[in-house]
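Trainee: One structure, as structure tokens, below. Some questions next.
The values are calculated or read from the model by the stated rules, or taken from the named source; none is laboratory data. Remember, predicted model here, so these are calculated numbers, not experimental data. FYI the Cβ positions are ideal-geometry reconstructions off the backbone, even for glycines, and counts take in every protein chain you see. Accessible surface areas use protein heavy atoms only, side chains included; no ligands, DNA or RNA. Shrake-Rupley method; radii C 1.70, N 1.55, O 1.52, S 1.80 Å.
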Amino acid sequence: MKRNPKTLHNICLLTFQFILCFWTHQVDADFGKKNQMQAIAVEPLEQWLVQQEIISEKKLLQNVSPDGTFPGVVIASPQDSNPNYYRHWVRDAALTMDVVLSLSVRQKVKLQKLNKLMHDFTTFSRKNQLTDSLVDLGEPIFEVNGNVFSGPWGRPQNDGPALRALVLTRWAKQLLQEGNLQYVRTWLYANELPAHTVIKADLEYISHQWHKANFDLWEESKGDHFYTHMVQRKALLEGAELALTLGDQGAAKWYQDQAQKITSELEKYWEPKKQQIVVTRNNSGGIDYKSSQLDMAIILGVLHGNTVQNYSFSDDRVMKSFNKIVSEFAKLYPINKVQGYPGVALGRYPEDIYAGTDFNGGNPWVLCTLAGAEYLYKRAKQLSQTRPKVAAQLIAQADQFMARVRLHANADGSLSEQINRHTGFMVSARDLTWSYSAFLTALWARKDALKGL
Ligand code: NOJ
Ligand code: NOJ
């Protein structure tokens, strides 16, 4: 991407930055180089956002059904070794296709192309459901030829069916509005048991399994998870609405009742003594070193699983938890101690050690930093009528997180999974699909929040 050529200005600022950093002894010896130059990009944030939107749309779509893969596959990243992300993760794919749906509403994807992408995703998802697996629909990953990924892994992961049901239900509702009942009944939701359509099968799985221990979205901890319960509840509520529209009253009531139970269950994640939401309860396997229980998965749960019920954007318990998470990361990562850098680069959770290529220490993640921004924009939007001043402050704070991602993005706008905690360079899987979808949903939340002011 071409940058603003105010070189002299850049050099002066850069020099200042260097002096400041060596002086405060806060950064590793390999501090410096290209990324820090980008730190002082002089173009306004708005200009970068416009460029980055175009790049993100393009790069996201490149990872949907790319040549050489089974139609409907969404690769997590084109990188196929160290780490190998050239696979279809149910979670990443669903989140991506949700963005594809939004792109069509924004007329960036034409209807014919959208219908093809969504249809392929639907049939591929149904194929996944029918593929033999040890963990039923909780299977997290498929190879690009459609085979199940059979290596040792943290499974089942029960957020996957919920996220898949959510995007397909959203699509089904859109199709019904367009009068396409036939398609919906044939491919997406038929009032029949055993279920033979993709949404119905997912809803049956979720409604019977939600109370069972499973692996979290980071594929590491076994137990009950705030994130998973949030998205399961939302999937059941949205699914119940669809079931009602299609005359499946008994099922609708069953899904609603289960959602209600999850709502009560979710209350247990709030710890009044600690004044925070805890990410996992009843830990029964996987990693055991997440002592803080602070995790950006909590915020992602609010983003992907928001309803009008508990833990909405205006729920102060979420804000309290978010503030704690941010202050942990501010203390933890060397690049968060550099004076003058905007916002805070956010990782998954403070105890994280996974760096993509090794396990020598966790890093900030692009999608987590963007989720911080998106949450603040959405909270701002919700408070804009009652507390307009607070809303304006939240937007300004959120912009700092966006600016922080700009600082570490590659010069061509490409985004990997992680940001090296010492150098600020992009690391781990390149062109992570979820990084692009996280950018777009954060940006759209920003546009929405600004409209609300
Ligand atoms: C790969 C997973 O995708 C990642 O989330 C996890 O941290 C590592 N495996 C370690 O389990
Ligand atoms: C590792 C992340 O922890 C997980 O959430 C994600 O699904 C995979 N990478 C693939 O992107």
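Trainee: State all residues of the range 94-115 that are open to solvent by 10 Å² or more (accessible area, probe 1.4 Å), closer than 23 Å to Asp159 by Cα and more than 16 Å from ligand 1 (Cβ to nearest atom); if no residue qualifies, say none.
Mentor: Taking the range 94-115 first, the residues open to solvent by 10 Å² or more (accessible area, probe 1.4 Å) are 95, 98, 102, 104-108, 110-113, 115.
From what's left, closer than 23 Å to Asp159 by Cα: 95, 98, 102.
Scanning the range 94-115 gives Asp98, Ser102.
Trainee: Here's something else I'd like to know. Would you please list the contacts, defined by Cβ atoms under 6 Å and residues six or more apart or on different chains, that run from a residue in the range 135-148 that is more than 15 Å from ligand 1 (Cβ to nearest atom) to a residue that is modelled with pLDDT under 95?
Mentor: Going by the 6 Å Cβ cut-off, the qualifying pairs are Val148/Ser133.
Trainee: Would you confirm whether any residue within the range 181-196 is assigned to a loop (DSSP other than H, G, I, E, B), in contact with a Gly (Cβ under 7 Å, 6 or more places away or on another chain) and within 16 Å of ligand 1 (Cβ to nearest atom)? Quick ask: steps written out before the conclusion?
Mentor: Looking only at the range 181-196, we keep the residues that are assigned to a loop (DSSP other than H, G, I, E, B), and these are 189-196.
From the residues that got through so far, the ones that are in contact with a Gly (Cβ under 7 Å, 6 or more places away or on another chain) too are 191.
From what is left, the residues that are within 16 Å of ligand 1 (Cβ to nearest atom) are none.
Looking through the range 181-196, none of the residues is assigned to a loop (DSSP other than H, G, I, E, B), in contact with a Gly (Cβ under 7 Å, 6 or more places away or on another chain) and within 16 Å of ligand 1 (Cβ to nearest atom).
Trainee: For the range 406-422, give me each residue that is open to solvent by 20 Å² or more (accessible area, probe 1.4 Å) and assigned to a loop (DSSP other than H, G, I, E, B). Outline the logic, then answer.
Mentor: Start the filter on the range 406-422 by keeping residues that are open to solvent by 20 Å² or more (accessible area, probe 1.4 Å), which leaves 406, 410-412, 420-422.
If the condition is that a residue be open to solvent by 20 Å² or more (accessible area, probe 1.4 Å) and assigned to a loop (DSSP other than H, G, I, E, B), then Asn410, Ala411, Asp412, Asn420, Arg421, His422 are the ones that fit.
Trainee: Does Ala398 qualify as being open to solvent by less than 40 Å² (accessible area, probe 1.4 Å), in contact (Cβ under 8 Å) with a residue 12 or more places away in the chain and away from ligand 2 (no atom under 16 Å from the Cβ)? Give the steps one after another, and end with the answer.
Mentor: Details: open to solvent by less than 40 Å² (accessible area, probe 1.4 Å): yes; in contact (Cβ under 8 Å) with a residue 12 or more places away in the chain: yes; away from ligand 2 (no atom under 16 Å from the Cβ): yes.
Criteria met by Ala398.
Trainee: Report, by residue number, each residue of the range 379-394 that is under 21 Å from Arg317 (Cβ atoms) and assigned to a helix (DSSP H, G or I).
Mentor: Arg379, Ala380, Lys381, Gln382, Leu383, Val390, Ala391, Gln393, Leu394
Trainee: Oh, and also: Please identify the pairs in which a residue from the range 338-356 that is more than 16 Å from ligand 1 (Cβ to nearest atom) has its Cβ atom under 7 Å from the Cβ atom of a residue that is among the polar types (S, T, N, Q), counting only partners at least 6 apart or on another chain.
Mentor: From the range 338-356, the pairs are Val338/Gln26; Gln339/Thr24; Gly340/Gln17; Pro342/Gln400; Gly343/Gln400; Val344/Asn336; Ala345/Asn336; Ala345/Thr369.
Trainee: Could you tell me whether Asp120 is within 21 Å of the chain's Cα centre (by Cα) and at pLDDT 95 or above? First the steps, then the outcome.
Mentor: On the way: within 21 Å of the chain's Cα centre (by Cα): no; at pLDDT 95 or above: yes.
When the stated conditions are applied, Asp120 does not pass them.
Trainee: Follow-up. Is the range 332-339 home to any residue that is among the β-branched types (Val, Ile, Thr), surrounded by 23 or more Cβ atoms within 10 Å (Cβ to Cβ), over 22 Å from Lys447 (Cα atoms) and in contact with a Pro (Cβ under 8 Å, 6 or more places away or on another chain)? Step through it out loud before you land on a result.
Mentor: Pass one, the range 332-339, residues among the β-branched types (Val, Ile, Thr): 335, 338.
Filter once more, so that each one left must be surrounded by 23 or more Cβ atoms within 10 Å (Cβ to Cβ): 335.
Cutting the leftovers down to over 22 Å from Lys447 (Cα atoms) gives us 335.
Among the residues that remain, those that are also in contact with a Pro (Cβ under 8 Å, 6 or more places away or on another chain) are: 335.
Checking the range 332-339: at least one residue is among the β-branched types (Val, Ile, Thr), surrounded by 23 or more Cβ atoms within 10 Å (Cβ to Cβ), over 22 Å from Lys447 (Cα atoms) and in contact with a Pro (Cβ under 8 Å, 6 or more places away or on another chain).
Trainee: Can you confirm whether Trp254 is of a type outside the set (Gly, Ala, Ser), without any contact (Cβ under 8 Å) to a residue 60 or more places away in the chain and open to solvent by 30 Å² or more (accessible area, probe 1.4 Å)?
Mentor: Values: of a type outside the set (Gly, Ala, Ser): yes; without any contact (Cβ under 8 Å) to a residue 60 or more places away in the chain: yes; open to solvent by 30 Å² or more (accessible area, probe 1.4 Å): yes.
So Trp254 passes the test.
Trainee: Looking at Tyr289, Tyr227, Tyr255, Tyr205, which one is within 16 Å of ligand 1 (Cβ to nearest atom), of a type outside the set (Asp, Glu) and in a helix (DSSP H, G or I)? Quick ask: steps written out before the conclusion?
Mentor: Details: Tyr289 fails: in a helix (DSSP H, G or I); Tyr255 fails: within 16 Å of ligand 1 (Cβ to nearest atom); Tyr205 fails: within 16 Å of ligand 1 (Cβ to nearest atom).
Answer to the selection: Tyr227.
Trainee: Considering only residues of the range 260-283 that are among the hydroxyl-bearing types (Ser, Thr, Tyr), outside any loop (DSSP other than H, G, I, E, B) and away from ligand 1 (no atom under 16 Å from the Cβ), which is surrounded by the most Cβ atoms within 10 Å (Cβ to Cβ)?
Mentor: Thr263
Trainee: Please go through the range 423-438 and pick out each residue that is crowded, with 22+ Cβ neighbours inside 10 Å and within 15 Å of ligand 1 (Cβ to nearest atom).
Mentor: Of the residues in the range 423-438, the ones crowded, with 22+ Cβ neighbours inside 10 Å are 424, 426, 428-429, 431-438.
Those that are crowded, with 22+ Cβ neighbours inside 10 Å and within 15 Å of ligand 1 (Cβ to nearest atom): Ser428, Ala429, Leu432, Thr433, Trp434, Ser435.
Trainee: How many residues does the range 117-142 hold that are assigned to a loop (DSSP other than H, G, I, E, B) and open to solvent by 50 Å² or more (accessible area, probe 1.4 Å)?
Mentor: Filtering the range 117-142 for residues assigned to a loop (DSSP other than H, G, I, E, B) gives 131-135, 139-140.
Pick out the ones that are also open to solvent by 50 Å² or more (accessible area, probe 1.4 Å) and you get 132, 134.
The total comes to 2.
Trainee: Please go through the range 219-233 and pick out each residue that is within 16 Å of ligand 2 (Cβ to nearest atom), crowded, with 24+ Cβ neighbours inside 10 Å and of a type outside the set (A, V, I, L, M).
Mentor: Within the range 219-233, Ser221, His225, Phe226, Tyr227, Thr228 meet the criteria.
Trainee: Name the residues in the range 74-91 that are among the aromatic types (Phe, Trp, Tyr) and either open to solvent by 40 Å² or more (accessible area, probe 1.4 Å) or away from ligand 2 (no atom under 11 Å from the Cβ) (or both), would you?
Mentor: Of all residues in the range 74-91, those among the aromatic types (Phe, Trp, Tyr) come to 85-86, 89.
Within the range 74-91, Tyr86 is the sole residue that qualifies.
Trainee: Could you say which residue among Arg91, Arg155 is within 16 Å of ligand 1 (Cβ to nearest atom) and part of a helix (DSSP H, G or I)?
Mentor: Details: Arg155 fails: part of a helix (DSSP H, G or I).
So the residue among Arg91, Arg155 that is within 16 Å of ligand 1 (Cβ to nearest atom) and part of a helix (DSSP H, G or I) is Arg91.
Trainee: Follow-up. Considering only the range 123-161, state which residues are within 14 Å of ligand 2 (Cβ to nearest atom) and aliphatic (A, V, I, L, M).
Mentor: Across the range 123-161, the qualifying residues are Ile141, Val144.
A quick yes/no check of all residues on (1) more than 23 Å from Asp288 (Cβ to Cβ); (2) at pLDDT 95 or above; (3) within 16 Å of ligand 2 (Cβ to nearest atom):
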| position | (1), (2), (3) |
| --- | --- |
| Lys324 | no, yes, no |
| Ser327 | yes, yes, no |
| Val344 | yes, yes, no |
| Gly347 | no, yes, yes |
| Pro350 | no, yes, yes |
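Trainee: So, one more: Does Asp248 fit the bill of being among the charged types (D, E, K, R), without any contact (Cβ under 8 Å) to a residue 60 or more places away in the chain and within 20 Å of Leu137 (Cβ to Cβ)? It would help to see each step written out before you state the result.
Mentor: On the way: among the charged types (D, E, K, R): yes; without any contact (Cβ under 8 Å) to a residue 60 or more places away in the chain: yes; within 20 Å of Leu137 (Cβ to Cβ): yes.
The answer is yes for Asp248.
Trainee: Follow-up question, since we're still on this one. Kindly indicate which of Tyr375, Tyr354, Tyr436 is within 13 Å of ligand 2 (Cβ to nearest atom) and part of a helix (DSSP H, G or I). If you could, list the steps in order and put the result at the bottom.
Mentor: On the way: Tyr375 fails: within 13 Å of ligand 2 (Cβ to nearest atom); Tyr354 fails: part of a helix (DSSP H, G or I).
Being within 13 Å of ligand 2 (Cβ to nearest atom) and part of a helix (DSSP H, G or I) holds for just one of Tyr375, Tyr354, Tyr436, which is Tyr436.
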